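**Student:** Sharing a structure, written as structure tokens. Questions coming.
The values are calculated or read from the model by the stated rules, or taken from the named source; none is laboratory data. Bear in mind the structure is a predicted one, so any value in this text is a computation, not a measurement. Glycine gets a Cβ as well: all are built from the backbone with ideal geometry, and neighbour counts include every protein chain shown. Heads up: the accessible areas ignore ligands, DNA and RNA and are worked out on the full protein's heavy atoms, side chains in. Shrake-Rupley method; radii C 1.70, N 1.55, O 1.52, S 1.80 Å.
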Amino acid sequence: MEDDNLDRALQCAILALLDVKPKDPIKFLATHFQMECETNLVAKAVHLLQDMTIYHPAIEERLLKAYATICQYSEEDGLTGDIYTDLLVKLISDSPSYQKDNFLQHLQCQSTEYVSFDVFRSGVLTSILFNQFISEVKLLFAKLCIENHDSAPAFLCKKALRKMSKCLNEAAKRSVSNVDGPSTLGISELSSPIRKNLTKNLPSADYVKINTFLSEAVEIFLREVPKIKL
């Protein structure tokens with residue numbers, strides 16, 4: 001590799017690192033250089049959008065780069081629904097498999113349909129928000145498991161789910177790229193006020209497993225998020 005190309009490649013990698021500020025910089029750089037040799041445009045777009053939250057200061061720039069990248073599949077047709085859906089599937093690959101189809105039904109387009117940047121932006125932001133939501137819901141459930149490691153009292157779960165709807169709505173309404181705002185949705189912190197008000201003599205209760213709790217939480221997400229313009 002010529003010196004100019006080497007310098008350019010290293011500069012791009014460092015700028016990307018400073019731009020995203022990933023939790024694992026070594027892994028990020030390794031993936032970055034791997035993506036430089038990647039020919040799959042969807043994989044490249046996914047890489048651009050990884051480690052992002054809807055409040056990340058670089059999110060709008062990354063959305064534009066990802067859209068420009070993925071549109072290269074066809075200069076005439078632009079981005080089509082099949083490629084767009086493939087991107088969304090990969091963006092939520094770590095989410096519970098039994099919830100993916102339900103989620104994608106709310107976002108996917110017809111396979112030959114042209115996908116504008118506005119549609120792309122909304123779908124990608126919703127997917128990123130969904131990943132963050134699932135992660136915080138799992139943390140919340142772990143905090144609600146006060147007696148068992150793998151289940152939580154049903155009455156605590158119901159309280160959390162009631163508060164979750166309002167919490168999600170308020171969090172998603174905050175402006176995208178709001179650097180001064182909190183970086184979390186605040187869902188995992190819902191356990192503190194709930195547990196604080198518990199009495200010493202807890203009532204006998206049914207218990208809920210994580211999959212059931214996640215399913216009910218995702219229903220809230222799918223109900224609330226379409227009302228919010230991301």
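**Student:** Apply the Karplus parameterisation 6.51 cos²θ - 1.76 cosθ + 1.60, with θ equal to phi minus 60°, to every residue of the range 158-170 and state each ³J(HN,Hα) to the nearest whole Hz, in sequence, with x for glycine and proline.
**Tutor:** After applying 6.51 cos²θ - 1.76 cosθ + 1.60, I find 5, 4, 5, 5, 5, 6, 5, 4, 5, 4, 5, 4, 5 Hz.
**Student:** Next question, about the same structure. Note down the nm distance, to one decimal, between modelled labels 7 Å out along Cα→Cβ at ALA142 and at LYS21.
**Tutor:** 2.3 nm
**Student:** The range 44-99 to the range 114-140: how many Å between their Cα centroids?
**Tutor:** Centre-to-centre distance over Cα atoms comes out at 10 Å.
**Student:** Hey, if we sort LYS100, LYS159 by accessible area with the 1.4 Å probe, largest down, what's the order?
**Tutor:** Correct descending sequence by accessible area is LYS159, LYS100.
**Student:** How much accessible surface does THR85 have with a 1.4 Å probe, in Å² rounded to 10?
**Tutor:** So the heavy atoms of THR85 present about 30 Å² to solvent.
**Student:** Ordering ARG121, ARG223, ARG62, ARG162 by accessible area with a probe of 1.4 Å, largest first, what comes out?
**Tutor:** If we order ARG121, ARG223, ARG62, ARG162 from most to least accessible, we get ARG162, ARG223, ARG121, ARG62.
**Student:** Fully extended, how many nm does the chain gain between GLU170 and SER111 (0.36 nm per residue separation, minus their Cα-Cα distance)?
**Tutor:** Computed gain between GLU170 and SER111 is 17.9 nm.
**Student:** Shape call for the range 9-137 from the C-alpha gyration tensor, a ≥ b ≥ c root eigenvalues: rounded (a/c under 1.5), prolate (a/b greater than b/c) or oblate?
**Tutor:** oblate
**Student:** Grab the beta carbon distance between THR212 and LEU29, set R0 = 41 Å, and tell me the FRET efficiency rounded to 0.05.
**Tutor:** E(calc), rounded to 0.05, equals 0.55.
**Student:** Leaving out ligands, DNA and RNA but keeping every protein chain, what accessible area does VAL119 have, in Å² rounded to the nearest 10, with a 1.4 Å probe?
**Tutor:** 60 Å²
**Student:** Still on this model: What FRET efficiency do you get for ASN40 and LEU222 if R0 is 25 Å and r is their Cβ-Cβ distance, rounded to the nearest 0.05?
**Tutor:** 0.30
**Student:** Report the GluC sites (Glu not before Pro) located in the range 69-114 that are in a DSSP loop and have at most 11 other Cβ atoms inside 10 Å of their Cβ, or state none.
**Tutor:** Here the sparse-neighbourhood loop sites are GLU75, GLU76.
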